[in-house]
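One structure below.
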Amino acid sequence: MATLTARAHLIRERIMGQVRDSGTVPTVAELRTEFGLPDDEMRSALRDLEGAICVAVQDDEHAGSSVFQDEPLADPQPPLGEIVYARPFAAFANHYRVTVDGTQRWFAECAVEACAISGQFPGAEVVVDSVCRQTGAPIHLVGRDGILVDFEPRTLRVHLGYPVREMPHRVVGWCDYNSFFASEDAARQWQDQHPEIHGITRAPEHMAALITESLGKGRLGHDYQPRFSMTNMVRNGPRFGLTRESPSGIPLPDPFWLPTPKMLVEWRRHGLGNFIRVGL
């Protein structure tokens, strides 16, 4: 597995420090100036950070868009080439409002990350307010240290639109359909209206545990690089929402979550490197 360079770690630390402090991210021009790098070297470092699921740089499809997940935005999404996600944060105001100890200045990138975003603020009470994608009903979550303490409504579901194998083609767009629904019925109504999206729904507790105990583990550290333990994934598959029941009620791995050889080839072909560590 490839290792992020010391420079890439410093760039990530600079980005995350600002977003945790103010809810904003530096522009690419600001980063170039601060690190004394030409544009091609900065772009290469950011691409490596994309491959390590640390940031996402805005693409043509979403650049300057006035909507996000069907919700209108007060200000458009970032322009092409700028940082749009400093994961798990969005670099633009949206309908995943994050409040920390009574102060609201942050926004999550999607419903999945919103379930565990409290892990970015150790010891603080973190509230996420959002809306149901189908009904517009209010959604309210309370978390602490990556653990989901409470949420309303109790029927809340998290919808994921694209399987993991689609990620090489959707570094930005993978979040487009990761939304909250007030109930399974609301999610089914939306899915019936959008048959082209072959998604799944999971409980918010599933997503909080999955992020906190896998992808989000170590995110506060300077040398963060995602590492997935296969033992952890297999042992906790049902608790992480990674399984589906067979007709006989036995939990089996859900293909929605499984990478494929083609995905790994496409990941490298798109210049995203080999920065995701997988071990026992």
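The table below gives the values:
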quantity: Given (1) over 30 Å from Gly64 (Cβ atoms); (2) modelled with pLDDT under 95, index of the condition Gly123 fails; calculated: (2)
quantity: Any hit, the stretch 148-169, residues being among the aliphatic types (A, V, I, L, M), open to solvent by 10 Å² or more (accessible area, probe 1.4 Å), assigned to a loop (DSSP other than H, G, I, E, B) and touching a residue at least 40 places away in the same chain (Cβ under 8 Å); calculated: no
quantity: Residue within the stretch 229-249 that is open to solvent by 40 Å² or more (accessible area, probe 1.4 Å), out of contact with any helix residue (DSSP H, G or I) (no Cβ under 7 Å at 6 or more places or on another chain) and under 30 Å from Ile11 (Cα atoms) present; calculated: yes
quantity: Long-range neighbours under 9 Å by Cβ, at least six apart or interchain, first residue under 22 Å from Pro238 (Cβ atoms) within the stretch 180-204, second acidic (Asp, Glu); calculated: Ile200/Asp254; Thr201/Glu184
quantity: Scope the stretch 26-57; condition open to solvent by 30 Å² or more (accessible area, probe 1.4 Å) and assigned to a loop (DSSP other than H, G, I, E, B); matching residues; calculated: Thr27, Gly36, Pro38
quantity: Extreme residue, nearest to Gly136 (Cα to Cα), among residues of the stretch 89-108 that are assigned to a loop (DSSP other than H, G, I, E, B) and touching a strand residue (DSSP E or B) at 6+ places or on another chain (Cβ under 6 Å); calculated: His95
quantity: Residues located in the stretch 129-147, provided they are open to solvent by 10 Å² or more (accessible area, probe 1.4 Å) and out of contact with any Cys (no Cβ under 9 Å at 6 or more places or on another chain); calculated: Asp129, Val131, Arg133, Gln134, Thr135, Gly136, Ala137, His140, Val142, Arg144, Asp145, Ile147
quantity: Selection count, the stretch 261-273, where residues are touching a residue at least 60 places away in the same chain (Cβ under 8 Å) and surrounded by 14 or more Cβ atoms within 10 Å (Cβ to Cβ); calculated: 6
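The values are calculated or read from the model by the stated rules, or taken from the named source; none is laboratory data. In this text, all values refer to a predicted model and were calculated from it rather than measured experimentally. Quick reminder, even Gly has a Cβ in these numbers, built from the backbone with ideal geometry, and neighbours come from all protein chains shown. Just the protein is used for accessible areas: all its heavy atoms, side chains included, with ligands, DNA and RNA removed. Shrake-Rupley method; radii C 1.70, N 1.55, O 1.52, S 1.80 Å.
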